[in-house]
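In what follows, a single structure is set out as structure tokens and then discussed.
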């Protein structure tokens with residue numbers, strides 16, 4: 001597929017299994033497109049693609065999925081989008097803050113109380129003048145969830161970062177969107193990494209798409225989950241209908 005004549009590569013989508021993903025060629029391309037759409041930006045990897053939860057699939061497809069994992073990038077390039085890149089959520093939210101912290105407001109959700117306190121403290125020091133409208137840990141019951149959503153509606157932040165893991169963070173964002181249309185991001189364990197609670201893989205492993213292997217070494221119990229990657233690769237190369245191009249959003 002020759003993408004040189006496309007007016008905007010972000011207007012194309014690829015459907016992998018039952019998930020729609022955009023082949024963004026840069027962080028900035030994703031950021032600017034996302035701001036214009038005012039939808040949730042959803043990090044997509046092989047494990048999330050293979051998740052059979054139809055509610056999760058529906059949520060992703062009504063928002064903006066981007067390639068956060070090597071498997072997703074591999075699939076997009078297989079469809080001819082050679083310029084698409086891997087955009088790790090752990091890097092994306094900080095990129096967004098660096099570009100928008102003087103003009104936009106933020107709301108942080110996720111991690112333990114210690115983690116979220118460290119995130120707020122560090123990000124406030126790193127980005128002087130950042131407008132943080134709210135911050136809360138990611139462990140709450142239904143009543144607290146309603147209070148948080150009400151607070152978001154009241155304060156109307158431009159960006160809401162939710163670091164709670166899939167599918168909990170996606171389902172929270174879905175509820176919050178009903179009250180306040182902002183730019184939401186689901187960030188998995190990004191706040192744990194930023195706060196220093198967990199270490200990210202060495203740079204050379206990140207560069208060579210080996211972060212999954214680093215996490216496996218650190219958390220051997222993930223070996224069962226990693227089997228999903230093998231299934232993903234098998235289907236990608238053996239089932240023609242597993243991946244297809246969609247039109248515009």
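Quick one: which strands (runs of 3 or more DSSP E) sit completely within the range 10-76 and have at least 1 residues that are within 15 Å of residue 184 (Cα to Cα)?
So the answer is 41-44, 64-67.
Could you check how many residues of the range 35-53 are within 22 Å of residue 71 (Cα to Cα) and either in contact with a strand residue (DSSP E or B) (Cβ under 8 Å, 6 or more places away or on another chain) or touching a residue at least 24 places away in the same chain (Cβ under 8 Å) (or both)? Break it down stepwise before answering.
Of the range 35-53, the ones within 22 Å of residue 71 (Cα to Cα) are 40-53.
Then drop every residue that is not either in contact with a strand residue (DSSP E or B) (Cβ under 8 Å, 6 or more places away or on another chain) or touching a residue at least 24 places away in the same chain (Cβ under 8 Å) (or both), which leaves 40-51, 53.
The number of residues fulfilling the criteria is 13.
Residue under question is residue 125, and the condition is that it be at pLDDT 95 or above and over 22 Å from residue 228 (Cα atoms); does it hold?
The answer is yes for residue 125.
Check every one of the helices (runs of 4 or more DSSP H) wholly within the range 168-237 and list those with 1 or more residues that are modelled with pLDDT of 95 or more and buried (at least 18 other Cβ atoms within 10 Å of the Cβ).
Values: elements: 168-179, 190-195, 203-207, 211-218.
The helices (runs of 4 or more DSSP H) meeting that bar are 168-179, 190-195.
Identify, from the list 80, 111, the residue that is at positive phi and touching a helix residue (DSSP H, G or I) at 6+ places or on another chain (Cβ under 6 Å).
Testing whether each residue is at positive phi and touching a helix residue (DSSP H, G or I) at 6+ places or on another chain (Cβ under 6 Å) leaves just 111.
Evaluate the following for residue 87: is it touching a strand residue (DSSP E or B) at 6+ places or on another chain (Cβ under 8 Å), in a helix (DSSP H, G or I) and under 28 Å from residue 16 (Cα atoms)?
For residue 87, the condition - touching a strand residue (DSSP E or B) at 6+ places or on another chain (Cβ under 8 Å), in a helix (DSSP H, G or I) and under 28 Å from residue 16 (Cα atoms) - is not met.
From the list 114, 147, exactly one residue is loosely packed, with under 15 Cβ neighbours inside 10 Å, modelled with pLDDT of 95 or more and farther than 28 Å from residue 62 by Cβ. Which is it?
114
From 124, 190, which residue is in contact with a strand residue (DSSP E or B) (Cβ under 8 Å, 6 or more places away or on another chain) and free of Cβ contacts under 8 Å to residues at least 12 places away in the same chain?
Of the residues listed, the single one that is in contact with a strand residue (DSSP E or B) (Cβ under 8 Å, 6 or more places away or on another chain) and free of Cβ contacts under 8 Å to residues at least 12 places away in the same chain is 124.
Residue 107 passes all but one of (1) assigned to a helix (DSSP H, G or I); (2) touching a residue at least 40 places away in the same chain (Cβ under 8 Å); which number fails?
The number of the failed condition is (1).
Just to be sure I understand, how many residues within the range 139-155 are free of Cβ contacts under 8 Å to residues at least 40 places away in the same chain and either in a loop (DSSP other than H, G, I, E, B) or under 17 Å from residue 104 (Cβ atoms) (or both)?
Selection size over the range 139-155: 3.
The values are calculated or read from the model by the stated rules, or taken from the named source; none is laboratory data. Note that this is a predicted model, so its numbers are computed, not measured. Virtual Cβ from ideal backbone geometry, glycine too; neighbours counted across all protein chains shown.
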